[in-house]
Amino acid sequence: MAAAAEWVEQEQEKENRERQEDCAMNLWTRIAENVPDAKQNGANAPRLANTLNVSLLGIDSEMLLIALDLEGVCASSGSACMVGSVVASHVLLAMGLPMERARSAVRFSLGKWTTADEIKAAGDAVRKIVDRLNTRKSAYAVA
């Protein structure tokens with residue numbers, strides 16, 4: 001009985017991990033389609049299934065995080081151990097990323113109950129914010 005319970009638990013964890021990987025990849029796809037300068041950090045490295053770290057080049061992560069919060073999207077800059085910090089992630093810098101890319105990085109952590117609608121809303125919010133910020137930058141460049 002114990003072996004069967006352990007097997008069921010392992011299968012559920014595997015399914016949950018695969019679902020979270022799918023959610024993270026769906027969010028990345030939405031962001032990449034709408035933000036040409038977006039870069040996925042750690043794409044070829046071992047990483048947690050529920051985490052997506054993205055650099056939106058030319059956009060300061062602190063400004064992006066404030067805008068995401070106003071849109072109802074929770075995100076962070078840097079690693080989980082640096083929550084609340086607004087400095088460039090020491091992890092991304094140690095991976096060899098340039099300072100500009102590390103300073104424009106945001107981390108999305110997905111949960112067991114993250115829905116497809118929430119992924120769509122987060123991707124749409126990123127697009128909306130990047131469009132708005134780029135429009136403002138263009139207006140200042142012309143002025």
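Starting from the Cα of Lys112, draw a straight line to each of the aspartates and glutamates and keep only those under 17 Å, dropping any in the same chain fewer than 8 residues away.
The qualifying aspartates and glutamates are Glu9, Glu11, Glu13, Glu15, Glu18, Glu21, Asp22.
Go from 0 up to the bin containing the longest alpha carbon distance in region 1-40, width 5 Å each, and give me the % of pairs per bin.
5, 23, 15, 14, 10, 9, 9, 6, 5, 3, 1
Using Cβ contacts closer than 10 Å as the measure, can you line up Thr51, Thr135 from fewest to most?
In increasing order of surrounding Cβ atoms, one gets Thr135, Thr51.
Report the far tail of the P(r) of region 2-142, meaning the percent of Cα-Cα pairs longer than 22 Å.
41 percent
Span-like helices, the chain: DSSP H, alpha-carbon axial extent 24 Å or more, mean Kyte-Doolittle -1.0 or greater, which ones?
Those that clear 24 Å and a mean of -1.0 are 116-142.
Given a 10 angstrom Cα cut-off, can you work out which residue in Ser61, Ser109, Ser76 is the most mobile in a GNM of the chain?
Greatest mean-square fluctuation among the candidates belongs to Ser109.
Computed from the coordinates by the stated procedures, all read-outs in this text should not be read as laboratory data. What you see is a predicted model; the values in this text were computed from it and never measured. We place every Cβ from the backbone using ideal geometry, glycine too, and count neighbours over all the protein chains shown.
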